[in-house]
1. Over the stretch 36-151, what is the relative contact order in whole percent, taking alpha-carbon pairs under 8 Å and six or more residues apart?
2. Sorted by mean Cβ packing within 10 Å, highest first, what order do the peptides 154-160, 310-316 take?
3. Where does each of Lys239, Lys402, Lys69 land when they are ranked from fewest to most other beta-carbon atoms within 10 angstrom?
4. Sum up the charges of everything whose Cβ sits under 12 Å from the Cβ of Val356, counting Lys and Arg as +1 and Asp and Glu as -1, but leave Val356 out.
5. Starting from the Kirkwood radius over alpha-carbon pairs of the stretch 54-174, derive D by Stokes-Einstein at 20 °C in a medium of 1.002 mPa s and give it in µm² s⁻¹.
6. Apply the Karplus parameterisation 6.51 cos²θ - 1.76 cosθ + 1.60, with θ equal to phi minus 60°, to every residue of the stretch 69-76 and state each ³J(HN,Hα) to the nearest whole Hz, in sequence, with x for glycine and proline.
7. List Tyr286, Tyr142 from most exposed to least, where exposure is judged by having the fewest other Cβ atoms within 10 Å.
8. Please report Rg (one decimal) and Dmax (integer) in Å for the Cα set of the stretch 240-354.
Amino acid sequence: MTETVRHDWRDTLAHLRDWRVLRIGLLGFSSGLPLLLVFGTLSFWLREAGVDRSTIGFISWVALAYALKVFWSPLVDRLPIPLLTRRLGRRRAWLLLTQATIAVGLVAMALSDPAQRLSLVVWLALLVAFASATQDVAVDAYRIESAEKRLQGIMAAFYTTGYRIAMFIASAGALWIAAIFDPDEATYQQSPWLVTYLVMAALMAVGILTTLLSPEPPVDDPVAADPGLYQGSRWQRLKHWFLDAVWAPFADFFRRHGWLALLVLGLIASYRISDIVLGAIANVFYRDMGFAKDEIALVSKGLGIYLTIAGGFLGGMAVYRYGVMPVLFVGALLASATNLLFAWLAGQGHDFWGLVMVVGMDNLSGGVAIAAFVAYLSGLVNVSYSATQYALFSSVMLLLPKFLGGFSGVLVDRLGYPEFFVLTTLMGVPVLLLVLAAWRYTEVEVASRD
């Protein structure tokens with residue numbers, strides 16, 4: 001777990017010039033770009049192509065690849081990629097493979113028309129989502145292995161910055177590109193989306209170049225250290241691989257934390273439940289309130305991104321200054337409480353400045369919460385199994401909220417928007433109790449070590 005260590009603000013700010021954190025920001029950009037291209041932006045494209053809402057809702061489950069990545073994360077930790085691993089190292093080899101796959105998948109999506117071949121677009125989106133989720137596993141491992149624990153909050157802030165900039169480009173930027181090349185918005189045209197997705201594919205060069213120009217993190221590889229580890233019969237090699245790559249990371253986590261590992265997993269599973277469940281219906285809410293696409297792009301995808309970045313920097317530096325647990329609690333409190341602002345906005349209707357205020361407060365607090373949460377997860381990881389353990393945590397983090405988010409439309413239909421937003425706020429109350437319990441556990445563990 002993490003100790004509360006305070007550092008001078010001047011020392012904190014000095015680390016913003018560290019090339020390691022800048023590199024992580026660029027890899028964060030590469031991680032953030034594909035997500036909305038197979039989720040929110042894709043949904044907008046499908047709707048414009050005449051696909052019905054219920055079908056779009058089912059297709060959104062493609063994004064569950066991000067929640068299920070834990071099942072193949074052991075491969076990222078241990079499986080070498082022919083030719084690439086020998087030349088680049090195990091982390092950069094996986095980064096390059098997944099980034100190239102994403103770029104190819106986006107090009108293929110650009111050349112496809114969901115109005116004619118919807119199933120092909122869905123399969124390609126699944127390929128991109130699978131490669132993107134795998135890239136996230138590799139990026140998280142690279143980030144954790146590239147710097148000491150006390151830098152993880154700042155690393156998380158830069159990662160979040162790159163991630164959010166990419167999400168802005170993949171959402172508002174994609175919509176603006178499509179609008180520029182759309183000859184007639186009254187009728188559906190595939191050509192604007194062809195240009196849009198080709199541009200997005202080209203932007204994956206940011207991640208590819210960063211991977212090629214970055215060093216491999218200096219972490220011991222047990223296979224390289226003991227070449228005889230996987231010798232023997234095929235069954236013996238498979239047994240050794242399973243025990244080392246699959247069983248060992250999970251056994252290590254429960255061995256280090258005992259039964260309190262369940263408390264930690266409960267906190268991880270629920271920490272972001274308020275904002276993820278709300279986020280699943282947010283764009284629909286904005287449309288129902290009468291906001292135009294340019295207003296949504298400007299405020300939600302524009303201003304919101306910048307304030308999330310600001311919140312991420314604030315949260316990252318606060319973690320470095322005050323430690324993880326105090327900021328983790330404040331972030332959880334703000335993330336759930338700001339949902340009440342959406343309930344207020346639901347009663348205002350089309351209020352542009354109300355939208356600015358609500359989105360601004362929500363994204364600023366969300367940035368603080370995410371930075372603290374990423375730093376918390378990073379502190380739980382054993383660097384010997386960084387890819388697998390972090391994938392476990394991030395999968396647990398997403399699975400329940402994204403599953404419940406799929407029912408957000410049903411809840412709004414039955415309760416109405418104000419009541420739904422109040423419900424999402426109440427979902428955050430158990431999270432606060434779990435943070436306090438984990439905080440107490442951290443203090444006890446630190447005291448026992450002292």
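No value in this document is a laboratory result; all are computed from the given coordinates. Quick caveat: nothing in here was measured; it's all calculated off a predicted structure. Reconstructed Cβ throughout: ideal geometry from the backbone, glycine too, with neighbour counts over all protein chains shown.
1. On the way: 96 pairs, mean separation 38.1, N = 116.
The value is 33 percent.
2. On the way: 154-160: 27.7, 310-316: 25.0.
Going by the mean number of other Cβ atoms within 10 Å, highest first, we get 154-160, 310-316.
3. Values: Lys239 13, Lys402 21, Lys69 26.
By the 10 Å Cβ count, ascending: Lys239, Lys402, Lys69.
4. Numbers: positive: none; negative: Glu295, Asp351, Asp362.
Once positives and negatives cancel, what remains is -3.
5. Details: Rh = 16.0 Å.
The diffusion coefficient I find is 134 µm²/s.
6. 4, 4, 6, 10, 4, x, 5, 5
7. On the way: Tyr286 20, Tyr142 25.
Fewest-to-most ranking of Tyr286, Tyr142: Tyr286, Tyr142.
8. Using the Cα atoms of the stretch 240-354, the pair Rg, Dmax is 19.6, 61 Å.
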